[in-house]
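What follows is calculated from the coordinates using simple rules that are stated; it is not laboratory data. Predicted model only: the values in this text are computed from it and were never measured. Here the Cβ is made from the backbone with ideal geometry for all residues, glycine too, and neighbour counts use every protein chain on show.
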């Protein structure tokens with residue numbers, strides 16, 4: 001066996017080059033996550049199968065973990081990435097995602113004075129506008145989240161094969177635009193998706209508009225589905241005065257040969273003390289495909305912060321379905337709480353959330 005000798009000068013030169021590069025390109029990687037678990041009660045569940053009391057995963061916030069990182073490339077330019085996974089506190093399996101290991105976010109991009117560009121699996125501008133506009137902060141219980149999920153699964157939330165640009169804030173305006181490639185040879189429209197939003201903020205006022213358009217098909221197959229033929233529209237406004245924020249918006253959710261919902265929502269979020277936040281929302285949906293089919297949902301929730309990272313929560317809601325509507329109160333438990341029978345269903349959840 002031939003021995004290879006490396007001189008001290010070569011080692012010193014390599015070390016100098018390494019540390020010079022490290023000094024020029026500062027980088028960091030962070031691990032973060034949310035663990036949310038508790039109990040849920042429902043007076044009815046899917047197919048009117050009776051009352052339910054159960055252990056509940058992600059009663060308020062999704063249980064997730066992820067990695068995010070940045071590298072300073074110099075001249076105000078940075079490389080950024082994000083890998084985010086959803087999991088079930090019940091079983092340790094996948095949840096709150098498209099069913100894959102990093103099924104919430106898996107993208108890399110560049111950030112600078114021009115804004116940000118990301119490429120990969122990412123959450124759509126339409127969905128981010130929903131988060132901003134929902135009076136219940138898009139809780140997994142009693143929010144507009146159940147309307148989107150029952151309409152189109154995870155379509156409109158997690159967009160694969162996509163490129164997204166987000167502008168810097170200019171005079172209170174900021175916008176994002178995303179395009180997702182279907183990846184089918186000879187058929188550019190199969191699985192194609194695009195989304196955009198535009199927001200304006202001035203003092204306590206916020207105005208938000210968003211759009212999503214996606215075709216069925218493509219090369220991506222996930223559970224829940226992320227490539228339904230969905231058209232989504234949203235316009236709304238928020239106003240914050242002191243510790244109180246009021247929100248109101250209109251959302252359109254239409255699936256080809258499927259659901260066609262007009263959803264009107266409004267509510268309040270009040271930070272009563274630095275440790276106690278209370279939010280309430282009212283949601284009314286009309287099924288444009290069938291006269292007399294509509295849903296009225298109301299919910300209220302309180303979050304008490306034990307520390308900066310740990311909080312307790314309690315939520316209560318009621319939903320009334322008419323006609324063929326089957327909107328439930330809560331995400332999870334295999335869909336048994338996401339759908340509800342005709343008539344009135346009540347429910348509540350309590351739990352603990354820890355952020356790390």
Worksheet item: Sorted by average packing, counted as other Cβ atoms within 10 angstrom per residue and highest first, what order do 137-144, 269-276 take?
Response: 137-144, 269-276
Fill in: Where labels lie 7 Å past Cα in the beta-carbon direction, separation of residue 324 and residue 290 in nm
0.5 nm
Worksheet entry | residue 39-residue 187 pseudo-label distance in nm [points 7 Å out on the Cα-to-Cβ vector] | 5.0 nm
Fill in: Highest to lowest packing among 70-78, 89-97, scored as the average C-beta count within 10 Å
89-97, 70-78
Discussion item. What does DSSP give for the chain in terms of the percent of beta bridges that are antiparallel, rounded to the nearest 5?
Written reply: 100 percent
Worksheet, complete the sentence: Relative to the chain, whose Cα atoms define the longest principal axis, helix 8-24 and its Cα axis are tilted in degrees, nearest 10, by 40 degrees
Discussion item. 7 Å from Cα along Cα→Cβ at both residue 240 and residue 71: what's the point-to-point distance in nm?
Written reply: 3.5 nm
Discussion item. Could you work out how much longer the chain between residue 173 and residue 306 gets when fully extended? Use 0.36 nm per residue separation minus the Cα distance between them, nm to one decimal.
Written reply: 44.3 nm
Worksheet item: Between residue 30 and residue 117, what length in nm is gained on full extension when 0.36 nm per residue of separation is reduced by their alpha carbon distance?
Response: 29.3 nm
Worksheet item: Between residue 219 and residue 275, what FRET efficiency comes out of the Förster formula 1/(1 + (r/R0)^6) with R0 = 41 Å and r the beta carbon distance, rounded to 0.05?
Response: 0.30
Worksheet item: residue 201 to residue 47: FRET efficiency via 1/(1 + (r/R0)^6), r the Cβ-Cβ distance, R0 45 Å, to the nearest 0.05?
Response: 0.50
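As a check on your grasp of the helix formula, calculate [θ] at 222 nm for the chain: sum -39500 (n - 2.57) over DSSP H runs of n ≥ 4, divide by the residue count, round to the nearest 500. Mind showing how you got there, number by number?
Values: 3 runs with 34 residues, N = 356.
So the helix-based figure for the chain works out to -3000 deg cm²/dmol.
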Discussion item. Across the chain, what fraction of all alpha-carbon pairs, as a whole percent, falls in each successive 20 Å bin from zero upward?
Written reply: 27, 56, 13, 4, 0
Fill in: Mean separation of Cα contacts under 8 Å, 6 or more apart, over the residue count of the chain: relative contact order %
16 percent
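Where Rh denotes the Kirkwood radius from the mean inverse Cα pair distance, what is Rg over Rh for the range 288-336?
Details: Rg = 15.7 Å, Rh = 13.4 Å.
My calculation puts Rg/Rh at 1.17.
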Discussion item. In the range 105-129, whose amide N lies under 12 Å from the spot 7 Å out along Cα-to-Cβ of residue 79? List them in ranges.
Written reply: 108-111
